[in-house]
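Participant: Pasting in a structure now, in structure tokens, and then I'll have a few things to ask.
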Amino acid sequence: MSSKVVRIEELGAHVGEKVTLQGWLYNKRSSGKLHFLELRDGSGICQCVVFKGEVSPELFGRADHLTQETSLRVTGTVREHGKLKGTFEVGVAELEVLAEPAREYPISPKEHGTDFLMDNRHLWLRSKRQWAILRVRAEIVAAVRDYFDSNGFTLVDAPIFTPNACEGTSNLFSTDYHGDPAYLTQSGQLYMEAAAAALGKAYCFGPTFRAEKSKTRRHLAEFWMVEPEVAFLDLDGDMDLAEDFLVSVVSRVLDKRRKELEILERDTKPLERVQKPFPRIRYHEAIEILRKAGHDAKIGDDFGGDEETVISQGFDRPVMVHRYPIDLKAFYFKRDPKDLSLALNMDVLAPEGYGEVIGGGQREEDLSKLEQSIDVHKLPREAFEWYLDLRRYGSFPHAGFGLGIERTVAWICGLPHVRETIPFPRMLNRLHP
């Protein structure tokens with residue numbers, strides 16, 4: 001076959017031309033003298049029409065017996081679909097079978113249970129829905145990187161193995177590191193504080209781990225997080241940054257991945273309302289919202305998924321909740337100088353019940369206060385000596401936050417569970433495939 005090999009997403013630029021597609025049979029239907037082969041190649045799905053009068057009897061018969069996931073090379077002329085404007089198909093002239101499935105493909109168009117699909121996750125990824133999710137996820141990741149790279153941030157890779165925990169060791173995976181205890185990181189934040197002292201504006205982007213024995217729809221044992229940290233930034237500036245960043249990411253997906261959101265049947269109206277400014281409320285105001293909604297909430301309570309959903313229901317876009325009680329937050333948060341019982345922190349709650357997607361705030365830059373906080377939290381001082389050095393040598397006010405990619409994907413795609421947001425999810429009782 002001497003025609004040009006193109007991808008399905010490029011067909012619109014080749015109308016009237018003879019091209020070659022390479023991919024896998026996604027579905028097939030026949031109607032008398034016609035076979036309609038749905039071919040997928042990773043960039044999209046295309047209808048390839050085999051007309052009995054235009055091909056050899058051998059080719060027409062071969063097309064009739066193709067099975068799902070047969071890998072194919074198809075050559076034919078590109079034309080616009082007669083009924084679907086902006087959709088293109090290929091009139092088949094030649095067809096080559098590259099490999100037939102060794103056995104019946106286990107995931108058929110019929111309904112399958114979640115456990116079955118998760119056991120076959122390596123194959124489930126080929127479905128139209130999972131394809132769309134992966135494309136949106138990739139766009140979110142690209143948007144994240146582009147935002148920080150174009151706004152003066154330097155990417156700094158944080159270690160996966162750490163000798164200390166960001167927020168205690170109760171929910172971390174521990175391991176033996178040549179005789180010393182080590183943990184799989186739950187955050188790169190502490191290292192980004194060191195990077196901010198060197199670069200001013202830094203961010204890390206990588207996998208993080210939590211060993212919580214949780215089965216909620218929002219939790220994974222392994223997930224990806226982006227964590228920017230900025231020197232000489234306060235809480236208000238941190239909220240401004242998070243707001244601008246999130247608007248940029250959502251806007252990028254709406255611009256680049258409309259087709260995929262349509263496949264997911266995502267109502268994009270709520271996403272289109274993700275515009276500045278975001279409402280900003282104090283923790284105490286959030287408690288009042290819960291009380292008015294009938295929740296038995298009191299000052300000092302932390303918010304779980306149910307509470308976050310109720311709080312966000314009164315707003316048409318993400319809402320920022322700031323200044324939680326200091327006792328609820330990690331040791332590194334700075335206290336509000338106007339009320340020492342409060343932390344200079346903030347959470348961004350996504351609308352539609354998707355909960356916290358960003359958490360962060362201003363860090364304590366005073367050496368003596370940070371030392372006291374480490375003692376109060378009963379953390380091993382020796383493990384944090386390097387972190388305390390950041391305050392001993394040219395301390396400075398700074399702030400940052402973390403955004404979880406999987407929760408963000410779930411929200412933007414409108415998914416009920418985070419297990420579909422990552423190619424191979426790691427959850428309680430699931431380590432395979």
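Participant: Tally the DSSP beta bridges in the chain and give the antiparallel ones as a percent, rounded to 5.
Facilitator: Counting DSSP beta bridges with both partners in the chain, the antiparallel share is about 90 percent.
Participant: Another question, then. Once phi is turned into θ = phi - 60°, what whole-Hz ³J(HN,Hα) does the Karplus curve with 6.51, -1.76 and 1.60 give for every residue of the range 318-326, x standing for Gly and Pro?
Facilitator: x, 10, 9, 10, 10, 6, 6, x, 4
Participant: At a 1.4 Å probe radius, which order do 354, 393 fall into by accessible area, largest first?
Facilitator: 393, 354
Participant: Return the FRET efficiency for the residue pair residue 4, residue 178: r is the Cβ-Cβ distance, R0 is 56 Å, and the value is rounded to the nearest 0.05.
Facilitator: 0.55
Participant: Could you tell me what percent of the accessible area of the chain is made up of carbon and sulfur, with a 1.4 Å probe and every protein chain present?
Facilitator: Its accessible area is 49 percent carbon and sulfur atoms.
Participant: Tell me the accessible surface of residue 268 in square angstrom (1.4 angstrom probe, heavy atoms of protein chains only), to the nearest ten.
Facilitator: My reading of the accessible area for residue 268 is about 30 Å².
Participant: Is the range 279-416 best put as rounded, prolate or oblate by its Cα gyration tensor, with a ≥ b ≥ c the root eigenvalues, rounded for a/c under 1.5, and otherwise prolate when a/b is larger than b/c, oblate when not? Provide the component values of the computation, followed by the final result.
Facilitator: Values: a/c = 2.42, a/b = 1.72, b/c = 1.40.
In terms of gyration-tensor shape, prolate.
Participant: Please sort 172-180, 195-203, 357-365 by packing, taking for each peptide the average over its residues of neighbouring beta carbons within 10 angstrom, highest first.
Facilitator: Averaged packing, sorted descending, gives the order 357-365, 195-203, 172-180.
Participant: GNM, the chain, Cα, under 10 Å: largest mean-square fluctuation among 90, 136, 250?
Facilitator: Residue with maximal mean-square fluctuation among 90, 136, 250: 90.
Participant: Here's a follow-up. Within 10 Å of each candidate Cβ there may be at most 15 other Cβ atoms; applying that plus a DSSP loop requirement, which chymotrypsin sites (Phe, Trp or Tyr not before Pro) in the range 204-295 survive?
Facilitator: 232
Participant: On full extension of the chain, what length is gained from residue 395 through residue 116, given 0.36 nm per residue of separation minus the C-alpha to C-alpha distance?
Facilitator: Residue separation times 0.36 nm, minus the Cα-Cα distance, leaves 95.1 nm.
Participant: Label-point separation (nm) for residue 130 and residue 232, each offset 7 Å from Cα along Cα-to-Cβ?
Facilitator: 4.9 nm
Participant: Ordered by residue, what ³J(HN,Hα) values in Hz, to whole numbers, does the range 15-31 give under the Karplus form 6.51 cos²θ - 1.76 cosθ + 1.60, where θ = phi - 60° and Gly and Pro are x?
Facilitator: Along the range 15-31, the couplings run 4, x, 9, 8, 9, 10, 10, 10, x, 10, 6, 8, 6, 8, 9, 10, 8 Hz.
Participant: Using a probe radius of 1.4 Å on heavy atoms only, what accessible surface per residue do you get for the chain? Whole Å² is fine.
Facilitator: 48 Å²
Participant: Rounded, prolate or oblate: which fits the range 1-99 when a ≥ b ≥ c are the square roots of the eigenvalues of the alpha-carbon gyration tensor, with rounded for a/c under 1.5 and prolate only if a/b beats b/c?
Facilitator: rounded
Participant: Could you report the accessible area of residue 24 in Å², rounded to 10, computed with a 1.4 Å probe on the protein chains as they sit in the structure?
Facilitator: 90 Å²
The values are calculated or read from the model by the stated rules, or taken from the named source; none is laboratory data. Owing to the predicted nature of the structure, the values given are computational and were not obtained by experimental measurement. Note: ideal-geometry Cβ built from the backbone for every residue, glycine included; neighbour counts use all protein chains shown. Quick note on the areas: whole protein, heavy atoms, side chains included, nothing else; ligands and nucleic acids left out. Shrake-Rupley method; radii C 1.70, N 1.55, O 1.52, S 1.80 Å.
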